[in-house]
Structures are given as structure tokens and as C-alpha cells.
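Undergrad: Please see the structure below; I have some questions.
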Amino acid sequence: MKTILVTGGTGYIGSHTVVSLLENNYKVVILDNLCNSKISTLARIEKISSKTPDFYQGDIRDATLLASIFKNHPISGVIHFAGLKAVGESQKEPLKYYENNVTGSITLLNEMFKANVKTFVFSSSATVYGEPGSTQYEEGMSTIPINVYGRTKFMIEEVLRDCAQANPDFSVACLRYFNPVGAHQSGLIGENPVGTPNNLMPYVGQIAMGKLPMLKVFGNDYPTPDGTGLRDYIHVDDLAKGHVLALSYLEKNSGALTVNLGTGKPYSVLEMIAAFEKVSGKNIPYEFVDRRSGDLAEYYANPSLAKKLLYWQAEHGIERMCEDTWRFYQQVELSHS
Ligand code: NAD
Ligand code: UFG
């Protein structure tokens, strides 16, 4: 049985991926400093999978801790989710983001190489594309990220490609996620940000729970069919499966793979609101306000490379994304810990 180190494994995408790994008979060691997740997620992972991952509360920038984790576990690969992800905050506190995301990743890579571990899956983002002149993003397109967060992701990708160039037996996958939404079908794990959410679906979920009064829809004057922004929303369980398939791919192939994980089908803000209202039976009041700075009108994935190389494609549509989000919000409210 292979053992995978999952950094950021108690976070939103990490926890779903840990469940998927455990279901696929991997052993899992989680390293998370809990700066944006709760220790109670571990018990929820155990409840879903009836398996217990090893857990270390600590920081990816702590080389001594990393060395001891690699020494004490027969780790064959790393899936690296740990990172800060708030675009607005990254613009205000760039050094915090470069330090945590870029320095943290380099510290992790150093310790990993010292332990002779050569398989790495990285959480990248569609945000690395910036504005390439086309709305359907393909992996070969230009990458000019337009915010600090996106630049940290792009820098790490470049570091990883350089490492692959220098080490022929290093296998790395940079997975560029589009807009992760939804929750595990059990309702036990999902995205529950601290404070007021920045992203659309957690905001909508909190309105449905009566915690927030009204959604501000950022712009209804985009050149899109209903004037609101179009995004490629992807169910977090589909994303999680993509990581397991990426690991299988890396077990057979060395070098650097960069691949989109999206559905290829964009939906507008108003379509997402309508889908959520339908499955929850709740009214989501909204008002149109000015565009949010830094937002693009429309982008979505060309997911064909992931299909070809990883044998991966998204299975869940927006109805399921909304159903699972809603189930999670209701459940969190009942058993918040
Ligand atoms: P999340 O905040 O829920 O999970 C990240 C986890 O990493 C958290 O549990 C946090 O406590 C931990 N962490 C952060 N810095 C750490 C550090 N220095 N040491 C140890 N642990 C640390 O975020 P998520 O949505 O699950 O995202 C996971 C990864 O995917 C991130 O790298 C993010 O940038 C990337 N990503 C997310 C999205 C998205 O919209 N959610 C889109 C594209 C890429
Ligand atoms: N939106 C609103 N009101 C809100 C929140 C969002 O109208 O309160 C709109 C946005 O303008 C956009 C859409 O809903 O049109 C989606 O916005 P999100 O904030 O949910 O997601 P983004 O597309 O802005 O960005 C997300 C992550 C980034 C990641 C990117 C990857 O936040 O970290 O997807 O594509 F890089």
C-alpha cells in the first residue's frame, strides 16, 4: 500500500482528495497548520472512509518537521494543497503570499528530494492564464497572471518544471483547477470559510442559511448572454478523483505535466443562483453592483488533455454541485464544531 503526504489535507479540496485516496487504498499522512481549516475535519474524514490518516499539525516551511515526516513514513508521493488563496488579500500582503506559497513549496521540495521522493502533484489554478485573448483556456496558452496569488501559483509551476528538467526521474503534475464548488455527498465535508465568503457559492449557501441578507452580483454588463460573469464550476469530488488519476499517471511517466481540470462548460452567476434556488427551495435575493476589480467576463477549460492523458473527465453537473453544497450547509449548521 502506497503512502502519500498530503499538505493542506484538512482544507476544502485536500479533505475530499484524502477521502478519494483512502477509498483507492492509499495510506495518507496529512500536514496542515490549520490556518484555514479545522481539526474536526479529520474525524469527518474518518467517518466517511472508516480509515484514519496520520496527521501532523505544522507548517510546510518547517524543514525539520518535514524531514522527520519523510523519515518516519514510507512516503512515495506528495500532493501539495497547502497554500493561501485569497486574491484580494494577496494584493494587500504580497510577501505573506510569496513566503507561504513559494518559499513553503521550495522548502517542501528540498526535504522531499533529500528523502528521495520523486512524485509530486501541485494545486495550480486557472488564474495563471490571466487574460490570454481567448475564453477557452488550453494548457499551451500564454500565462500572464494578473494578481499576486496567481503569480505565486505560476512561480511554483515554473520551479517544478525546472526541477523536472534537472531531474529526469522527477514526475510532477501541475493541475490547473477552474472553479471548485460542491461538497462530499455525505454532507460532512465541504467549504466553510471563516468570515464573509469571497466566492460565489459559499456566499449563496450562507444566504440560504439566513446568515447573509443578499448577494451582490458583480456586474450585469459583461458581453455574456445574461450580462453576468461566466465560469467553469467543477465539483470538488471530480477534482479529488483527478488527483488520484494524476498520481497513477505519474507512477508510469516522468517529467512535468500541466493539465486543466474543468468541465469545459461555463455557467453564469444568474444560472448558478437559479440552480441553487431550485435544489434548495430557498429564495436567493440579489442586487446588481459594479464589476469586481480583477474579474474577467468569461473563461472555461478545454479539458481534453486531462481526458486523453489521465482518463479523467468531470461527471457532476451544476444541479449536483448545488445539491451537495446545500446539504453541507444544512449539516454544518446542525453540528458546527
Ligand atoms: P483551503 O484553504 O481550504 O486549504 C488549504 C489548506 O492548507 C488549509 O487547510 C490550510 O490550513 C493549509 N495551509 C495553508 N498554508 C499552510 C502552510 N504554510 N503550512 C501548512 N498548511 C497550510 O483551500 P482549498 O480551496 O482547499 O485550496 C487548496 C489548494 O488549491 C490551494 O493551494 C489553492 O491555492 C488551490 N486552488 C484553490 C482553488 C479554489 O477556488 N478553492 C482554485 C484553484 C487552486
Ligand atoms: N461573484 C458575484 N458575487 C459574489 C462573488 C462572486 O457576483 O459575491 C461572481 C464573480 O464576479 C464571478 C463569479 O461569481 O463572475 C465567480 O466568482 P468566485 O469569486 O466564486 O470565483 P473566481 O472566478 O473569481 O475565482 C476562483 C477562485 C480563485 C481561482 C479561480 C480559478 O477564487 O482563487 O477561481 O479559476 F484562482
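Undergrad: Which residues in region 36-70 have a backbone N closer than 18 Å to a point placed 7 Å from the Cα of residue 114 along the Cα-to-Cβ line?
TA: Under 18 Å, as judged by backbone N against the label point of residue 114, lie 58-70 of region 36-70.
Undergrad: Right, another one. Tally Lys/Arg at +1 and Asp/Glu at -1 over every other residue whose Cβ is under 9 Å from the Cβ of residue 125; what's the total?
TA: Working: positive: 85, 153, 176; negative: none.
Taking every Cβ under 9 Å from that of residue 125, the sum is +3.
Undergrad: Report, in degrees rounded to the nearest 10, the 0 to 90 angle that the Cα long axis of helix 269-280 makes with the longest principal axis of the chain.
TA: 90
Undergrad: On to the next question. Counting DSSP beta bridges with both partners in the chain, what percentage is antiparallel, nearest 5?
TA: On the way: 2 of 43 bridges.
Among the beta bridges of the chain, antiparallel pairing accounts for roughly 5 percent.
Undergrad: Rounded, prolate or oblate, given the Cα gyration tensor of region 84-138, with a/c below 1.5 counting as rounded?
TA: Working: a/c = 3.84, a/b = 1.42, b/c = 2.71.
In terms of gyration-tensor shape, oblate.
Undergrad: Would you work out what percent of the accessible area of the chain, with all protein chains in place, is carbon or sulfur (probe 1.4 Å)? List each step's numbers first, then the result.
TA: Working: 7230 of 14510 Å².
Its accessible area is 50 percent carbon and sulfur atoms.
Undergrad: May I pose another question? Between 0 and 90 degrees, rounded to the nearest ten: what's the tilt of helix 318-334 against the longest Cα principal axis of the chain?
TA: Relative to the chain, helix 318-334 is tipped by roughly 80 degrees.
Undergrad: With a probe of 1.4 Å, find how much accessible area the chain has per residue, and write the answer as a whole number in Å².
TA: Values: 14510 Å² over 337 residues.
The answer is 43 Å² per residue.
Undergrad: Please give the helix 63-72 orientation as an angle from the longest Cα principal axis of the chain, in degrees from 0 to 90, rounded to the nearest 10.
TA: 70
Undergrad: Next question, about the same structure. Sum -39500 (n - 2.57) across every DSSP H segment of at least 4 residues in the chain, then divide by the residue count to get the 222 nm mean residue ellipticity, nearest 500. Please list the in-between numbers first.
TA: Working: 11 runs with 127 residues, N = 337.
It lands at -11500 deg cm²/dmol.
Undergrad: So how do 309-317, 215-223 stack up, highest first, on mean other-Cβ count within 10 Å? Walk me through the intermediate numbers first.
TA: On the way: 309-317: 17.3, 215-223: 15.8.
For the peptides 309-317, 215-223, the packing ranking is 309-317, 215-223.
Undergrad: Also, I was wondering about something else. Please identify every one of the GluC sites (Glu not before Pro) in region 134-226 that sits in a loop by DSSP and has no more than 16 other beta carbons within 10 Å of its own beta carbon.
TA: Numbers: sites: 138, 139, 157, 158, 191; in loops: 138, 139, 191.
Qualifying residues, ordered by number: 138.
Undergrad: Could you compute how fast the chain diffuses translationally, taking Rh as the Kirkwood radius over C-alpha pairs and applying Stokes-Einstein at 37 °C with viscosity 0.692 mPa s? Give it in µm² per second.
TA: Numbers: Rh = 20.2 Å.
For the chosen part, D equals 162 µm²/s.
Undergrad: Still on this model: I'd like the accessible area for residue 286: 1.4 Å probe, protein heavy atoms, all chains in place, Å² to the nearest 10.
TA: 100
Undergrad: Would you list, by chain and number, the lysines whose Cα falls below 18 Å from the Cα of residue 2, excluding same-chain residues fewer than 8 positions away?
TA: 27, 51, 71, 118, 241, 252
Undergrad: Moving on. Hey, rough spin-label estimate for residue 311 and residue 297, points 7 angstrom out along Cα→Cβ, what's it come to in nanometres?
TA: The answer from the label model is 4.0 nm.
The values are calculated or read from the model by the stated rules, or taken from the named source; none is laboratory data. None of these values were measured; they are calculated from a predicted model. Here the Cβ is made from the backbone with ideal geometry for all residues, glycine too, and neighbour counts use every protein chain on show. Surface accessibility is based on the protein's heavy atoms, side chains included, excluding ligands, DNA and RNA. Shrake-Rupley method; radii C 1.70, N 1.55, O 1.52, S 1.80 Å.
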